[in-house]
Each structure stands twice: as C-alpha cells, then as structure tokens.
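Asks: The structure follows.
Every read-out reported here was derived from the displayed coordinates using simple, explicitly stated rules and does not represent laboratory data. Note that the structure is a prediction, hence the values are computed from the model and not measured. Heads up, the Cβs are rebuilt from the backbone with ideal geometry, glycines too, and the neighbour counts pull from every protein chain shown.
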Amino acid sequence: MLLYDHPFSPYGQKVRIMLREKGLPFTQSLPAGVGSGEGDDYARHNPRMEVPALVVDGAHTLYDSTVILEYIEDAHPVPALRPADPLERARCRTIEEVCDTHYEAINWALGEMRFFGRAPDKAGALRAVAGRETAALQAWLESQLQPGGWLSGPDFGWADLCAAPYVMMSGIFGFPPDAGSPLAQWLERVRARPSVAATFVEAEAQVEPMAQVAAFLEAGLFKRQYRDHRLEWMIRAGGMDVVLDGLAKDNIRFTDLSRFTA
Ligand SMILES: N[C@@H](CCC(=O)N[C@@H](CS)C(=O)NCC(=O)O)C(=O)O
C-alpha cells in the first residue's frame, strides 16, 4: 500500500500506527501541493488536498483518516483493534471524533503561532486559551481510561492509537499531561509499543525542520488550510484578526470544492 502522508500529521500518525499494529507493509510519499493547495496530480487522489490518503491495490485511493482506519480494520480484521461490544465501539469512536476535531484544532493553532509565526502580538493570550482547553481535554481523556490502563478497553486499541498523536503533540507545544498522572503513564505505555514509538520518532524529527516554514509562508510557498474546527478555534480563541490578516495576505485558504470533479 502507498500512503500519502506527512510525518507530522496527527491524522497520518493514526494510520501509520494502525498499519504497523497490523503488520501491513506500506511505502510513504509526501504529495506535491499539500500545504499550498496547488497542483492537479494529487487532487486526483484526494480533492481535499490533504494527507493522509491510502492507495490500495494501485487503483483505489481512500482519504480521511477515519475512513482509512475503518477500511484497514474491515479488510484486515486480525488483530482486532475495535472492541467487539457495540457500546464500547461507540465510546472509542467518540474519543476519535473528539480528538480529531476539538483536540487537533488546539495543537494546529499552537503550530500556526510557533512554526508559521502567526499572531506575534497576541500569542500569549491565544496560548493561554490553548493551555486551558488542552487541560480540559486531557482530563476528559483521563476519565476515559479503563481499569487495565488503556482507553480502548482491556487492551491497546482503536481509541489509544487515535488519541496518542494528539497527547504526544501537546508535549511538543508545552502542554504535556501532568507528570505522574494516569494520562502521563498511559502515554508512556502507549509509546512503549513499537508501532507508536516508530511513528512518534518520525513526527518528533520534524520539529527542527518546521522552524523554516514561517519563511516559506512569507515567500508564498504555503497557503494554509483554515478548515472546520481549526477555523472555529482561531475565531473562538480571539484570533479573528489572524484569519483576516491571512486572507488579506492570501496565505490562508479554505476547502476548494471545484477539486471535486466527475
Ligand atoms: N479529516 C481529515 C483531516 C486531514 C488533514 O487536515 N490533514 C492536514 C495535515 S494534518 C492536511 O493535509 N492539510 C492540508 C494543508 O494544510 O494544505 C482526516 O482525518 O484525514
């Protein structure tokens, strides 16, 4: 399988952890155009111009990390990562949904400030909101830990691999779980799995190169995608002028539905 991906993408990390848990070989490629929204080749695979996207049998491209995880689990059910019980399954899906939307938006906004140089004048205020919200979501995740110490149930599974990238990335942005807390212990337990360790190492290796991206944005090489919960976060936290400034400078974009063609 070919995985279009970027090592820092938490959505891509979900997919790589699952592929590694299942022992499925894959090659990775960084598609041209992601980051700018420009270019037609990758749009044929994923009209949203986002990573991850998974090419199966050289012919079918799946996109959206949740769709990809569902496909992998359906096509390769052993070892099972979804709990068998329908209510437990729904609980795991809820954890994935909350992490992919509300949690991701916080880390993304912190990246906009730290790496892309947004909001230099109000970074302190926006960081304060991010810190409060991260603490709330980490407390919620902690309340979801099951007696064996995993989010998914008695064993590592779906909810663990979905939450792990976000909690790890909070550490990169200065908001790790409280030292010694059950969530911090969970993160260590998760990181001890070879699938997760390999994926985290790939992501963490990007922190240094990310220092260059503000210059790339300035040079017009990037046009950042302000979508969904990310846009809401920026506005809710007080960064409306960040959005307006980015639109004025033409270095912010929204989803381009003209990419969806027959
Ligand atoms: N809902 C999608 C979100 C994917 C997404 O937003 N990916 C980001 C990277 S983390 C992306 O490719 N953004 C395009 C861009 O910034 O140009 C999923 O779950 O796969």
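Asks: Spin-label point model (7 Å from Cα, Cβ direction): what's the L221 to H60 distance in nm?
Replies: 3.7
Asks: Pulled fully out, how much extra length does the chain show between D250 and A84, if you take 0.36 nm times their separation in residues and subtract their Cα-Cα distance? Don't skip to the end; give the middle numbers.
Replies: Numbers: separation 166, 0.36 × 166 = 59.76 nm, distance 4.77 nm.
In short, 55.0 nm is gained.
Asks: Apply the Karplus parameterisation 6.51 cos²θ - 1.76 cosθ + 1.60, with θ equal to phi minus 60°, to every residue of segment 176-184 and state each ³J(HN,Hα) to the nearest whole Hz, in sequence, with x for glycine and proline.
Replies: Once θ is set to phi - 60°, the couplings for segment 176-184 become x, x, 3, 4, x, 6, x, 6, 5 Hz.
Asks: 5 Å is the cut-off here: which amide hydrogens, built 1.01 Å from N in the peptide plane, fall below it relative to R253, excluding neighbours closer than 5 in sequence?
Replies: R224, Q225, Y226
Asks: Quick one: go through segment 209-249 and flag any residue whose amide nitrogen is under 14 Å from the point 7 Å out along the Cα-to-Cβ line of E97.
Replies: The answer is none.
Asks: What is the gain in length, in nm to one decimal, between M1 and Q185 on full extension, counting 0.36 nm per residue of separation less the C-alpha to C-alpha distance?
Replies: Extra length available between M1 and Q185 comes to 62.9 nm.
Asks: Cα to Cα, under 21 Å, and not fewer than 8 places away if on the same chain: which lysines meet these conditions relative to K249?
Replies: Result set, ordered by chain and number: K122, K223.
Asks: Still on this structure, please answer the following. Collect residues whose amide H, placed 1.01 Å from N in the peptide plane, falls under 5 Å from the amide H of S29; neighbours closer than 5 in sequence don't count.
Replies: For S29, the qualifying residues are L3, Y4, D5.
Asks: Using the Cα gyration tensor of segment 10-140, with a ≥ b ≥ c the square roots of its eigenvalues, what is the shape: rounded (a/c below 1.5), prolate (a/b larger than b/c) or oblate (neither)?
Replies: oblate
Asks: Along the Cα-to-Cβ line of E232, 7 Å from the Cα, sits a label point; which residues in segment 90-104 have backbone N less than 11 Å from it?
Replies: Answer for this model: 98, 101-103.
Asks: Specify the inter-centroid distance of segment 159-212 and segment 106-130, based on alpha-carbon positions, in whole Å.
Replies: 19
Asks: Using the Cα gyration tensor of the chain, with a ≥ b ≥ c the square roots of its eigenvalues, what is the shape: rounded (a/c below 1.5), prolate (a/b larger than b/c) or oblate (neither)?
Replies: Verdict is oblate for the chain.
Asks: Let me ask another. On alpha-carbon atoms, Rg over Rh for segment 1-64 using Kirkwood Rh?
Replies: Looking at segment 1-64, the ratio lands at 0.95.
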